[in-house]
């Protein structure tokens, strides 16, 4: 079974600084997707960024970028120029691209990010 | 972007009663929807996969007779918590994938259930 591990229960960063959230996963599959979701205090899940496993290039979305290391099964999220609105719980998630688990997401434990003004 | 709604957003019910939560995809059709449960400051736990026109697939340890799921159309899935008990109090979130594709799931805003 696939597992996703976020080893940092809490992280903090100063406004305008950069922070990196860690995520590792375990799978025997070669075709899959990885995601970072953000859950602010409203508890609405918001997609931050996605990465297709077959793509070697790291995904970027404005201030958010990932470091995808397929061989190491590592998928970290870097937030640059942190803003107060980035404060939230962040979840790393894995999705297998086939089989009977079609579409199912496996989430990590989450990392609570605090942004200090 | 794609929008998923949930109703109600917050419900309080008495122990022993049943409560229904609706999940709707507002601007797309979804063959597959998912139901999650989340406790405070914890991760989302997948309860079941809801498939339009067929029976739901429940995760191990989830009581299918207690958490009834019906996916009657391509835009609506419902979760009914039967004979609710205080330990069923939680935050329930649904999500949907447009069409039959992979990739991004769109999440509803969640429903807070309190059983007294």
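The values are calculated or read from the model by the stated rules, or taken from the named source; none is laboratory data. Remember, it's a predicted structure, so these values are computed and weren't measured experimentally. Positions of Cβ are backbone-derived with ideal geometry, glycine not excepted, and every protein chain shown enters the neighbour counts.
Table for the structure above
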read-out	value
Residue match in the stretch B:78-90 (condition: surrounded by fewer than 22 Cβ atoms within 10 Å (Cβ to Cβ), in contact with a strand residue (DSSP E or B) (Cβ under 9 Å, 6 or more places away or on another chain), assigned to a loop (DSSP other than H, G, I, E, B) and without any contact (Cβ under 8 Å) to a residue 40 or more places away in the chain)	yes
Subset of the stretch A:9-52 [in a loop (DSSP other than H, G, I, E, B) and surrounded by 19 or more Cβ atoms within 10 Å (Cβ to Cβ)]	A:23, A:45
Checking residue B:69 against (1) within 14 Å of another protein chain (Cβ to nearest Cβ); (2) part of a strand (DSSP E or B), the condition it does not meet	(1)
Of all residues making up the stretch B:96-116, the number that are at pLDDT 95 or above and crowded, with 17+ Cβ neighbours inside 10 Å	6
Subset of the stretch B:28-66 (residues that are in a loop (DSSP other than H, G, I, E, B), under 19 Å from residue B:110 (Cα atoms) and within 13 Å of chain A (Cβ to nearest Cβ))	B:39, B:40, B:41, B:42, B:43
Count - residues of the stretch B:91-105 that are at the interface with chain A (Cβ under 8 Å from one of its Cβ atoms), within 18 Å of residue B:32 (Cβ to Cβ) and in a strand (DSSP E or B)	3
Matching residues in the stretch B:6-27 - criterion: being surrounded by fewer than 14 Cβ atoms within 10 Å (Cβ to Cβ), assigned to a strand (DSSP E or B) and under 14 Å from the mean Cα position of the chain (by Cα)	B:10
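Let's see how each residue does on (1) within 24 Å of residue B:50 (Cβ to Cβ); (2) away from chain B (no Cβ under 12 Å); (3) not in a loop (DSSP other than H, G, I, E, B):
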site	(1), (2), (3)
A:58	no, yes, no
A:71	no, yes, no
A:75	no, yes, yes
A:85	no, yes, yes
A:90	no, no, yes
A:93	yes, no, yes
A:103	yes, no, no
A:114	no, yes, yes
